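These notes concern the structure reproduced below.
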Amino acid sequence: MKVAFFLLFGLMEVCSAVLFAQTETEIFALSMQSIDGNLSFGSPENITYNRGYDSQPSFFDANTLLFSSTQNGQTDIARYSFENKTKTWLSSTPEGSEYSPLLIPGDQAVSAIRLDTTGLQRLYRYPLSGEKSKPIFEEAKIGYHVWINARQLLATVLVDNRMDLSFADTEKGSIVNVFQDVGRSLHRIPNSKKLSFVQTTEERSTVYAFDPLTGQIESLIALDFSIVDMYWFSATTFLYSSGTKIYALDVSSGEVALFYQSSLANVEQITRLLISPDKTQLIFVGE
């Protein structure tokens, strides 16, 4: 079964904070378990219940979620505890808004893209101790990123009217372009040292793998439809969304199967996807 869908999206979601009104989004979580190879899901729970933008979730640890959330007319870094069902703020930045928060491996700090009211856009480090945040790279206009280890990351950098993929090293202070014109979905591939990224041309997407040890790039699968957001469920299967449905695609065979369908009346579209480290929770963003 092949499902075609077409999503219009800007090169830089973060830039929409200045240029356009942000989409009204909420983050939903639901339990997930496998019984005799069959997945079953609990009822989705809105864990944000916040007017405005709540999106870009990532796991801080097994019981805590990081995400971007609207606060006092701006977007700051929030943290949600599944154990206590409470939300706390990790940042409150009057001069700008934060996006795409991630825990920095081996560091007591979170990284996030900050879009200042002046239009300056940089990747910042936010210490958990509450110390002042500092830019990780002074010049590069980074849009999205994923950490490889404590000092290396894969990031998209705005170049002219597109996003290019770059391999960055914080210790060396280097940012090297490795691929042109990519999307926002960057992920580590399970049970592998490689990372994935997506390129879409003429409404068709190709999923690639980047090896940070060798610098080599390989095509994993070329699709006859386009995807924006994806997330790896296993080393060979990734999830993507279309409308209110989530599909699972097996890279080795190309087979597509329905993974989950939302019946929430107030959700018109599922965008970002996330699976908890122990595979007991499905997280998605609903517009």
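Miscellaneous remarks
- The set of residues in the stretch 1-49 being at pLDDT 95 or above, within 24 Å of Pro101 (Cα to Cα) and polar (S, T, N, Q) consists of Thr25, Ser31, Asn46, Thr48.
One line per residue, one yes/no per condition, for (1) closer than 26 Å to Thr48 by Cβ; (2) surrounded by 17 or more Cβ atoms within 10 Å (Cβ to Cβ); (3) in contact (Cβ under 8 Å) with a residue 40 or more places away in the chain:
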site: Ser91; (1), (2), (3): yes, yes, yes
site: Glu98; (1), (2), (3): yes, yes, no
site: Gln108; (1), (2), (3): yes, no, no
site: Phe137; (1), (2), (3): no, yes, no
site: Ala140; (1), (2), (3): no, yes, no
site: Ala150; (1), (2), (3): no, no, yes
site: Leu154; (1), (2), (3): no, yes, yes
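- Within the stretch 221-237, at least one residue is in contact with a His (Cβ under 7 Å, 6 or more places away or on another chain), more than 29 Å from Asp160 (Cα to Cα), modelled with pLDDT of 95 or more and not in a loop (DSSP other than H, G, I, E, B).
- Lys172 falls short on exactly one of the conditions (1) under 20 Å from the mean Cα position of the chain (by Cα); (2) farther than 14 Å from Ala155 by Cβ; (3) among the charged types (D, E, K, R), and that condition is (1).
- Output for the stretch 169-203, where each listed residue is of a type in the set (A, V, I, L, M) and under 21 Å from Gln56 (Cα atoms): Val182, Leu186, Ile189, Leu195, Val198
- Look at (1) in a loop (DSSP other than H, G, I, E, B); (2) under 16 Å from the mean Cα position of the chain (by Cα); (3) crowded, with 18+ Cβ neighbours inside 10 Å; (4) not small (Gly, Ala, Ser) and you find that Pro277 fails only one, number (3).
- Within the stretch 150-167, the set of residues being small (Gly, Ala, Ser) and more than 18 Å from the chain's Cα centre (by Cα) comprises just one member, Ala150.
- Here is the figure for the stretch 245-272: residues that are touching an Asp or Glu at 6+ places or on another chain (Cβ under 6 Å) and in a strand (DSSP E or B) total 2.
- Residue match in the stretch 192-214 (condition: β-branched (Val, Ile, Thr), in a loop (DSSP other than H, G, I, E, B) and buried (at least 18 other Cβ atoms within 10 Å of the Cβ)): no
The values are calculated or read from the model by the stated rules, or taken from the named source; none is laboratory data. Just so you know, these numbers come straight off a predicted model, no measurement behind them. Glycine gets a Cβ as well: all are built from the backbone with ideal geometry, and neighbour counts include every protein chain shown.
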